[in-house]
Amino acid sequence: MRRARAAIVRLAAALIWAVAVPAPAFDLQGHRGTRGLEPENTLASFRRALEIGVDTLEMDAAITADGVVVISHDPELPPAITRDAQGRWLPARGPLIRSITYAELQTYDVGRIDPASDYARQFPEQTPRDGERRPSLQQVFELVRSMHADHVRFDIETKVFPDRPEATLAPEPFARALLGVVRAAGMTSRVMIESFDWRTLKVVHALEPRMETVCLTARTRGFDNLEGSAWTDGLPLSAVPSVPHLAKQAGCTAWAPYHGNLTREALTTAHELGLKVIPWTVNDPADVDRLIGWGIDGIISDYPNRVRDVMARRSMPLPPQVPRATRP
């Protein structure tokens with residue numbers, strides 16, 4: 001009986017992968033939906049990205065106290081984009097998402113940026129959408145289904161922090177919870193998992209070995225996840241010839257560097273190793289054009305409309321736009 005059940009599970013998994021949505025030749029990803037135009041990581045932002053026309057919706061995951069996988073870049077509620085039930089801006093960082101229930105999370109409005117914040121000056125084109133809440137991952141999947149965007153894939157970042165273990169679930173339960181929602185929605189073949197904390201990617205490799213994983217990297221003044229090996233699951237950069245070699249050693253299928261760190265030499269090395277290269281977060285059309293000219297495999301951008309304009313000028317195939325008429 002156990003063998004029969006195991007055979008059925010293997011067959012079901014094979015059928016799911018048999019209808020996998022193929023990766024596009026060039027992967028246009030809307031960062032947090034389309035953060036430059038709509039409130040980040042909200043249903044409004046994902047809907048707008050689909051209307052603009054993207055291949056992939058990029059987003060970030062967190063998990064509430066009652067185990068709901070939700071979409072949030074920060075492990076807590078950031079004051080620049082969060083108002084309480086009385087409509088007041090949070091005076092400081094709010095509670096950790098892991099410490100409150102999904103119902104409690106829904107009492108906070110994340111539909112606009114505080115105009116007095118420095119963050120607001122970064123995104124002057126963003127349209128306020130009062131009443132937007134932190135959606136669950138399941139709601140995002142339901143939105144995409146309701147809009148019949150069957151070509152669209154999902155790039156989901158696990159927000160786990162080796163230097164802040166108290167902020168989230170540990171890597172293994174976090175990854176298991178996330179994959180549970182993906183499997184339940186039948187989206188296994190349309191999802192890739194990305195992270196700066198490569199410990200979660202190791203768990204994904206063990207639980208879903210066919211799922212694409214993306215090694216995120218940044219080497220900036222404020223953050224360097226390649227300094228030491230805490231973020232890279234114990235793999236030191238000093239032991240390999242280059243960052244692409246490290247991503248390959250970690251088992252990733254793609255490397256997503258901060259675009260300012262990417263060089264043509266590193267891009268060539270990554271391609272020689274069989275890695276796709278999808279830099280983040282590229283918003284300047286001149287940078288978009290330069291990087292496409294280098295031969296990158298995709299772009300993560302707050303303004304997918306700008307990327308499309310460059311792609312159109314280069315006569316590149318464009319991802320389908322989802323008509324507004326199909327909006328729920």
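The values are calculated or read from the model by the stated rules, or taken from the named source; none is laboratory data. Here the structure is a predicted model, which means the values were calculated and not measured. Reconstructed Cβ throughout: ideal geometry from the backbone, glycine too, with neighbour counts over all protein chains shown.
So which residues in the stretch 88-120 are more than 23 Å from the chain's Cα centre (by Cα), in a helix (DSSP H, G or I) and either farther than 25 Å from Ala65 by Cα or hydroxyl-bearing (Ser, Thr, Tyr) (or both)?
Asp118
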Tell me yes or no: at least one residue of the stretch 120-129 is in contact with a helix residue (DSSP H, G or I) (Cβ under 7 Å, 6 or more places away or on another chain), of a type in the set (D, E, K, R) and closer than 25 Å to Glu194 by Cα. no
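Yes/no per residue for (1) farther than 26 Å from Gly33 by Cα; (2) surrounded by 15 or more Cβ atoms within 10 Å (Cβ to Cβ):
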site: Gly180; (1), (2): no, no
site: Thr213; (1), (2): no, yes
site: Arg219; (1), (2): no, yes
site: Leu226; (1), (2): yes, yes
site: Ala254; (1), (2): no, yes
site: Gly260; (1), (2): no, no
site: Thr263; (1), (2): yes, no
Give the stretch 186-205 a look and list any residue that's over 17 Å from the mean Cα position of the chain (by Cα) and under 25 Å from Glu142 (Cα atoms), or say none. Gly186
Identify all residues within the stretch 124-150 that are surrounded by fewer than 18 Cβ atoms within 10 Å (Cβ to Cβ), assigned to a loop (DSSP other than H, G, I, E, B) and of a type outside the set (D, E, K, R); write none if there are none. Pro124, Thr127, Pro128, Gly131, His148
From the residues in the stretch 184-199 that are in contact (Cβ under 8 Å) with a residue 40 or more places away in the chain and closer than 18 Å to Asp224 by Cα, which one is surrounded by the most Cβ atoms within 10 Å (Cβ to Cβ)? Trp198
Among (1) in a helix (DSSP H, G or I); (2) in contact with a helix residue (DSSP H, G or I) (Cβ under 6 Å, 6 or more places away or on another chain); (3) under 25 Å from Leu77 (Cβ atoms), the one test that Ser189 misses: (3)
Residue check, Ala206 assigned to a loop (DSSP other than H, G, I, E, B) and hydrophobic (A, V, I, L, M, F, W, C): no
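Scan the stretch 49-65 residue by residue and report those that are out of contact with any Phe, Trp or Tyr (no Cβ under 6 Å at 6 or more places or on another chain) and either under 17 Å from Val191 (Cβ atoms) or free of Cβ contacts under 8 Å to residues at least 40 places away in the same chain (or both).
Ala49, Leu50, Val54, Asp55, Thr56, Glu58, Met59, Asp60, Ala61, Ala62, Ile63, Ala65
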Say we look at the stretch 272-289 and pick out the residues that are assigned to a helix (DSSP H, G or I) and in contact with an Asp or Glu (Cβ under 9 Å, 6 or more places away or on another chain); which of these is surrounded by the fewest Cβ atoms within 10 Å (Cβ to Cβ)? Pro285
Looking at the stretch 158-178, is at least one residue surrounded by 15 or more Cβ atoms within 10 Å (Cβ to Cβ), closer than 23 Å to Gly36 by Cα and modelled with pLDDT of 95 or more? yes
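How many residues does the stretch 298-328 hold that are modelled with pLDDT under 95 and part of a helix (DSSP H, G or I)?
3
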List pairs: first residue in the stretch 203-227 and at negative phi and among the small types (Gly, Ala, Ser), second residue modelled with pLDDT of 95 or more and part of a loop (DSSP other than H, G, I, E, B) anywhere in the structure, Cβ distance under 9 angstrom, at least six positions apart or on different chains. Ala218/Phe196; Ala218/Asn225; Ala218/Leu226
